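Only the coordinates and a few stated rules stand behind these numbers; no lab work does. A quick note: this is a predicted structure, and the numbers were derived from the prediction, not measured. Quick reminder, even Gly has a Cβ in these numbers, built from the backbone with ideal geometry, and neighbours come from all protein chains shown.
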Amino acid sequence: MFGPDQSVPEPGQTLVPGTCIGPYVVEKLLGQGGMGEVYLAEQLEPVQRRVALKLLPAGPADSRRAALFTIESQMLANMQHPGIAQVYDAGSTDDGRPFFVMEYVDGEPLTDFCKRRDLALNDRLELFIRVCQGVHHAHQKGFVHRDLKPANILVGEVDGVARPRIIDFGVATATRWALGSESVAPRAGTPEYMSPEQAGVVDLDIDLRSDVFSLGAVLFELLLEGRPLDSEWYRSRVAPRTERLIKRPSEYLEGLDDQARRRLARSNGLSESAFRRLLRRDLDWIVLRAMQADRDHRYESAALLAEDVRRFLLRKPVKAAPASVRYRAGRYISRHRVSVSAASLVVLALIGGLAAAIAGFLQASEQRDRAERALALAEAVNSFLVEDLLGSADIEVAAEGGELTVREVLEQARMTAGERFTDRPDVEAGVRFMLATSLRGLGRHAIAEEEFRRAWELRQDEFGPDHRDTLQAAHRLASVIHHQGRLDEAEALYEKVHSSQVAQWGELDPDAIASLNSLAVRDWQAGEVERGIQRGKRARELATEELGSGHHETLVAINNLARLYRAAGREDEAERLALEAVEGRTELYGPDSLLTLESRNDLAGLYRGMGRDEEAAAQYEEVLDAYRRVAGAQHSGTVIATNNLARTYAGMGRQREAVPLYRQAIEEGEKVFSSDNWILALISANLGHSLALLGEREEAEHYLRAGLETLSEQFDESDPRVVRARDWLEDLVADEGPTSED
């Protein structure tokens with residue numbers, strides 16, 4: 001792997017600038033520690049970019065261990081989230097040193113970023129929520145970080161917007177395969193942020209709640225610029241079941257001198273009294289809940305921690321709070337101060353507070369049950385992955401020179417899961433749900449449908465038809481049916497799920513809002529515009545009220561409404577909403593996230609429909625380049641963006657540029673979609689029309705007939721897509737169509 005006359009450095013030595021490891025050229029050392037060195041490097045091929053290269057200590061040579069390391073590294077590379085630095089590549093040098101190649105994040109540690117800019121408290125908490133969302137995403141993929149701290153959460157600015165990115169996610173997990181030691185990864189980490197079980201104070205395995213503890217320590221430091229723990233705590237081996245390991249944030253603040261308190265308050269954009277008041281109770285409770293010594297008393301997931309911080313920002317009762325009618329009523333009045341009259345305060349406090357307390361108890365109970373199942377599922381999946389899949393004989397074959405891809409591992413998992421969990425249908429359902437999610441991400445929608453359907457059936461038998469987890473599986477099943485173009489079938493299932501969600505939890509339930517959003521986008525694709533607009537407007541109203549204007553589901557509703565208004569010919573309203581969706585998603589996820597690219601793709605389509613072809617082409621070119629860079633050629637978004645750019649060129653009379661793009665879209669689309677997918681049929685018809693304009697009559701007729709046949713099977717004869725393809729074919733056959741424009 002090293003260049004001529006270059007060798008791997010001995011432990012303690014570092015690589016000199018110019019050293020080559022495969023296509024990576026070292027520029028400088030960024031940092032080093034017990035787990036190896038991190039270098040800034042330049043990747044030369046297949047793309048040129050700056051990367052962070054982490055060179056790990058040498059481990060014992062073993063073909064099975066190398067295969068395990070490679071597969072787990074591939075799975076890390078498949079994890080994509082705007083809050084997590086991407087893993088690009090992994091391998092081993094000729095001398096046996098494993099390495100990771102990761103996205104280089106040009107930023108500064110979270111706490112330093114906030115301190116230097118005197119970031120207001122709410123802005124700090126918004127950044128922290130995004131960090132929690134990234135952690136939760138990785139937990140769902142089966143990875144625990146084990147070393148969450150401000151130095152591993154880097155924040156940079158893109159177009160003036162702060163973007164937190166978690167680095168080194170999952171590296172400790174995969175490293176244990178490379179180093180050949182089960183004991184290395186669990187003890188990796190930084191003592192000041194370690195949970196008791198990770199520090200060895202408690203003899204327990206590490207699970208996702210260890211990361212929740214570390215997030216609590218990060219939140220404490222974000223609020224107070226001080227650490228809640230120090231290494232002395234671990235050396236003294238404090239009793240692990242003590243309820244209070246740390247001071248409350250408000251107590252810590254009171255222990256500082258007057259000048260330090262005033263400086264902290266100013267740094268958070270508040271007066272000292274206001275800062276003290278905000279810390280007391282809600283933020284105290286949140287931090288203490290996250291950092292409980294007994295992990296059974298912590299937040300069960302990073303998502304629930306983020307949800308409680310969001311509730312604080314929305315002035316809603318936090319889940320970490322003790323059950324108190326007075327507290328919950330006070331939060332209600334705080335949010336609705338204008339509408340609550342003095343004469344009604346007592347009644348609202350009693351009735352509203354009691355109702356909220358009961359609802360909160362029921363919801364908390366449900367969340368605990370789901371969290372316990374999630375933990376059991378995570379353990380079962382990890383065991384399944386390591387013992388049944390990665391430990392199988394097929395791995396030995398791969399280690400001898402064969403190539404075992406993530407897709408092949410997932411296919412093998414499908415065959416094995418039913419036999420492995422015959423006595424645990426709940427776990428089998430969870431495994432199949434996770435497999436289906438990964439298969440969908442790889443573009444294997446038909447196979448993903450089989451797995452989601454099986455997960456739905458298992459959950460119906462285990463939990464009943466109206467359980468939240470059952471409905472979640474049904475919604476995902478509807479989404480892959482929807483993606484394959486079976487719109488009526490998808491609508492029926494979406495409506496069934498939505499009706500059950502509303503009946504049990506009300507319209508404001510986030511899952512119910514998500515189902516309503518799915519119905520709106522289905523209406524858009526089916527050409528049922530007016531009904532779609534009504535659904536989209538309602539989804540936006542509910543999401544804004546319950547989740548806030550910058551929430552994911554709110555932005556989904558805004559994006560859907562932009563599409564629907566465009567279809568209705570209301571172009572000015574569509575453009576305003578499309579720009580709002582692009583701006584909101586860029587701020588929430590970053591400029592290169594798939595959701596942001598989806599909104600930019602829609603904006604370009606709007607420009608094309610308005611006759612602003614040059615703007616549309618420029619936007620599509622940027623979007624397609626980003627899709628190829630971020631998602632690769634074999635992704636549904638890349639295929640659709642390729643078709644859209646080709647269609648824009650065709651509309652501008654640039655047929656010779658459009659045709660190769662259409663061909664490329666079909667070639668890659670056949671690897672992503674099923675053969676009868678309407679998107680492929682649409683691209684085929686588009687290609688046929690451009691070939692007809694170039695005078696290639698025979699080939700044009702072939703593609704037009706193939707496209708029209710599938711589109712006619714999928715849609716009504718009056719559907720614009722069917723009408724357009726039929727008109728093109730009739731013009732060609734009647735020899736009335738235009739000839740080459742070139």
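What the table shows:
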quantity	calculated
The stretch 120-142 and the stretch 552-594: distance between their alpha carbon centers, rounded to Å	23 Å
Gain upon complete extension [ASP727, VAL16; 0.36 nm per residue less C-alpha separation]	249.4 nm
Where trypsin sites (Lys or Arg not before Pro) fall in DSSP loop in the stretch 564-621, at most 11 other Cβ within 10 Å	none
Under 27 Å from LYS149, Cα to Cα: lysines that are on another chain or at least 8 residues apart	LYS28, LYS54, LYS115, LYS141, LYS247, LYS319
By average C-beta atoms within 10 angstrom, highest first, the peptides 656-667, 115-126	656-667, 115-126
Cα-centred dipole magnitude for the stretch 611-742, charges only on beta-carbon of K, R (+1) and D, E (-1), debye, nearest 20	480 debye
